[in-house]
Structure formats: C-alpha cells, structure tokens
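Each reported figure results from applying straightforward, stated rules to the coordinates on display, with no laboratory input. No experiment lies behind these values; they were computed from the predicted model shown. For neighbour counting, all protein chains shown are included, and Cβ atoms are generated from backbone atoms with ideal geometry for every residue, glycine included.
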Amino acid sequence: MHFPITIVDDFFKNPKAIKEYGKQFSYKPCERGSFPGERTPNMGALEGHYSFFNHILSKFLSIHYPSFADDIAYNATLFFQRISNDFKNPGFVHKDDPAELTVLVYLSDHENCGTSFFEPLSFPTGYQEKHILQQKEYMYTTKDFKKELETVHDCNKYFKEILSVPSKFNRAILFDSSYFHGVKNFIDEDIKEDRLTLIGFFYDLTHNRLKYPITESSRKY
C-alpha cells in the first residue's frame, strides 16, 4: 500500500454546480455487474468534457502532491455514479486493483451511506478473492435481492471493519486501491434522491519526483 486513507471536507467550492453538471449525462448499469447502480461513461472519453476530467483529477492529486500535481503522468477514469433506493442490501467488500489510487466525492444528502474499510480475517482453505468478484457479478446482474443478501453475508463474514467514513455532502475521500472496502448501507430512509458520487481511479502514476506517502513514512522510525 502506498496511499493513506485521506478525508477532505468541502472539497468543491461549488458542489451544487458539480451535482447539476452530472445530471446532463446518461447512466448505465455495468453489464458484468462489477458495481451496483449506474455510472456515466468515463469523463475522459467524452468529447467536450476533457477539461473537466483533467481539472478534477489534478485537484485530487494536489492533495498529496501540491507542488507538481499538474506534471504527473497517469492513466485514469472518472465517473458519476448513482444508486437508487432499490439497493437495500449492503455492498460486497472488495478491492479496486489494478488501480493504484481510488478517489470519490459524496454528492447527495445521504449521511449514513459512506465507505467502510476492512481487514481480512483468516480465509478458509481454498478461498480466493476472485470468489467475491464472481458472486458479486452474478448477483448485481440477476437482481435476486434475497439471494444477494445471503451471498453478501457469505463473502463479507471473512472481514473485520476497521474504519467507517460517513457520506457527508461534498466530502472527498482518497485511498490506496488495494484497501479492502465496501458500503454497509446504500440508502437513507429519509432521503428520496439517488446516492450520487463522483468516483475516479488512477493507474500508472509517474513522475521523476513522485514519492508515496506510506512508503516514505515506513522508511523512518
């Protein structure tokens, strides 16, 4: 792991404008069921939206690298994601690799639908992380919510929660993509709007001055 879990409140100067910006796009579910709800296409691949894509990712990188964020080379994806009140089950604990750094901003009024982090317990003999992926992809495409709940519990029982971050409006969170994480609750009963986030993934971060926070800290006593 290279990056610490980092929380930044009041991330956008005008978050309501960012939220409105996200309404202009079409949203689709993943055909493979890799995530719940729906996402926009990758902002970096949409004509006329690359400046937004580049600005937002640079803003994220400036949290760890304020003096040269714009000079870092990388591959990345950036999406708006919405999850409706139909998703009453908790999410699967998972990793985001092969990404290196995961970033997201909460853009709806839900407060109890944040991100939790986990550490694995002892897995049974023969258990592999790919089992989680296989089960998740099956459940999110079949819409069998009763069976999904059983499967979520069967997969998540091998993990212990170590940190929970509430989904405060306009709160950004950055973390190493190799952290196990998940969402314990996708809905707030009193909130009727969809759970909306802006989520991005960085790959292949490169710069001749690039250093990783956790790696550098481990060098010292």
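Give me the distance in nm between label points sitting 7 Å out from Cα along the Cα-to-Cβ direction at residue 122 and residue 190, one decimal.
Going from the residue 122 label point to the residue 190 one covers 4.4 nm.
Of the cross-linked pairs 13/211; 88/192; 19/184, which ones have a Cα-Cα span greater than 25 Å in the structure shown?
From 13/211; 88/192; 19/184, over 25 Å: 13/211.
Please report, in debye to the nearest 20, how large the charge dipole of the chain is about its Cα centre when each Lys and Arg carries +1 at its beta carbon and each Asp and Glu carries -1 there.
With Lys and Arg at +1 and Asp and Glu at -1, about 140 debye.
Along the positive direction of the dipole of the range 6-218 (beta-carbon charges: Lys, Arg +1; Asp, Glu -1; about the Cα centre), which of 81, 64, 11 reaches farthest?
Result: 81.
Is any residue of the range 76-112 close enough, with backbone N under 15 Å, to a label point placed 7 angstrom from the Cα of residue 5 along the Cα-Cβ axis, and if so, which?
It comes to 93-96, 102-104, nothing else.
Which whole-Hz couplings ³J(HN,Hα) result when phi for each residue of the range 211-217 is put into the Karplus expression 6.51 cos²θ - 1.76 cosθ + 1.60, θ = phi - 60°, listed in order with x for Gly and Pro?
Once θ is set to phi - 60°, the couplings for the range 211-217 become 10, 9, x, 5, 4, 5, 5 Hz.
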